[in-house]
Amino acid sequence: MSPSALPSRIRLRAVLALLGVLALITGCSKSPDAAGGAPAQPHAIKIGFYVKQPEEPWFQLEWKFADQAAQALGFTLIKTGGNDGEKLLAAIDNFTANGAQGFIVCTPDTRLGPAIVAKAKAANLKLIAVDDQFLGADGQPMKNVHYLGISAGKIGEEVGKTLAAEMKKRGWTAADTAVCAVTYDELATAKARTDGAIAALVAAGFPPERAFKAPVRTTDIPGALDATNVLLIQQPNVKHWLVCGSNDNLVLGAVRALEGRGFAPESCVAVGINGTDCIIELEKSKPTSFYGSMLLQPKQHGYKTAEMMYKWIKDGVEPPLDTRTTGILITRENFRQVLKEQGVRE
Ligand code: FCA
């Protein structure tokens, strides 16, 4: 029997039932969250986030804040990391295979910039570099690649000013004191930080010939410990060390080296950068010579970059090419409060 042959009463009932089912379906798909459940469909927008050293608290916080953006805005975040260029290039293929439309990256090697850009272009992926700015084949920053990083020179200068003020406060003489700058000059943002610290110390009257560099082979605590030990052996007559470095871990490695060679905590002053990788150090009941750190803004680096990428993909809003963030000094006196105010800790 054809539908038109059905009695009109039955036809009307069938139409009403169909409408009811449709209303139910559209109603459900419209308000998945009102029902408390997860959205029925996977997110249309997918964003990769690659970090060079996933074991560093700094990068874990970047990811944590990017995750918060994914939750709040409704996109899928694909996190991968590793201090290895090959791994990064493979990860970009993986982002593509997973249907991502863009990715944020702190590259293990800034000289990979052109290769990363070429891969992103070929796969039609949008790209934001975070923390470490890409270098072109000419060794210059790739200013045409969207970047969010720290005002490295200025933050380094704050470290130098803090060290100079602490030296003065403690009444140490230049003859007894030297600077240990734990450096990684291969990375522009790292070099700008330690250069800035030394420049500020010199501007405050510290003799430049007493500022020594301890260049690291690896950018971690053991790498900094080894580099500092070499310097301490080379300079056995220094009584007081003022320590700076490109981030907390490099400064912490130097502090461990000083302890290992018998320096009392109060005979040296060390100031880090990041403020996120030294929290356990500041929480220790007995003070060490790690005086404080320039706390950066992991929320800007994680949430903000993810949000910029999301809006770029979704609404075509291109982020600024160059965004720089600032730092703020934390010490044993104020770190709990400042970390809370800055949203780094509950
Ligand atoms: C670099 C450093 C990190 C952090 C970041 C802002 O990538 O390696 O520790 O300081 O810049």
Suppose R0 equals 51 Å; then what is the FRET efficiency for A44 and K143 from their Cβ-Cβ distance, rounded to the nearest 0.05? 0.95
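Please find the FRET efficiency linking E259 to E209, where r is the Cβ-Cβ separation and R0 is fixed at 25 Å, and quote it to the nearest 0.05. Walk me through the numbers before you get to the answer.
Details: r = 26 Å, r/R0 = 1.05.
Efficiency for this residue pair is about 0.45.
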How high is the relative contact order of the chain? Use alpha-carbon pairs under 8 Å, at least six apart in sequence, and give a whole percent. 17
Positive-pole candidate from G85, P141, T110, dipole of the range 80-151, charges at beta carbon: P141
Taking 0.36 nm per residue of separation between E266 and A90 and subtracting their Cα-Cα distance, the length gained on full extension comes to 58.6 nm
Evaluate the distance, in nm, between pseudo-label points positioned 7 Å from the Cα of D185 and of K284 along their respective Cα→Cβ axes. 3.0
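Mind pulling up the Rg/Rh value for the chain? Radius of gyration and Kirkwood radius, both on Cα. Write down the numbers at each step before the final one.
On the way: Rg = 26.5 Å, Rh = 22.5 Å.
Radius of gyration relative to Kirkwood radius: 1.18.
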Normalised by the residues of the range 102-182, what does the relative contact order come to in percent, with Cα pairs under 8 Å and at least six apart? 24
In degrees, nearest 10, the alpha-carbon axis of helix 221-234 is tilted away from the dominant principal axis of the alpha carbons of the chain by 10
Below 8 Å between Cα atoms, with a sequence gap of 6+, how large is the relative contact order for the range 236-313 in percent? 29
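If exposed means no more than 14 neighbouring beta carbons inside 10 Å and the site is in a DSSP loop, what's the longest run of the chain without any exposed trypsin sites (Lys or Arg not before Pro)?
Working: sites that count: K143, R217, K239, R261, K284, R345.
For trypsin sites (Lys or Arg not before Pro) (loop position, at most 14 other Cβ atoms within 10 Å), the longest site-free span of the chain is 1-142.
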Using 1/(1 + (r/R0)^6) with R0 = 30 angstrom and r between the beta carbons of D315 and A199, what's the FRET efficiency to the nearest 0.05? 0.10
Going by Cα centres, the range 270-341 and the range 53-105 are how many Å apart? 18
Separation in nanometres of the label points that stand 7 Å from Cα toward Cβ, at K340 and T76: 3.9
By how many degrees, 0 to 90 and rounded to 10, does the Cα axis of helix 113-122 deviate from the longest principal axis of the chain? 0
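Every number here is computed from the coordinates shown, using simple stated rules; none is lab data. Treat the numbers as computed from the prediction; the structure is a model and nothing was measured. Because the Cβ atoms are built from the backbone with ideal geometry, glycine has one as well, and the counts that use them run over all protein chains shown.
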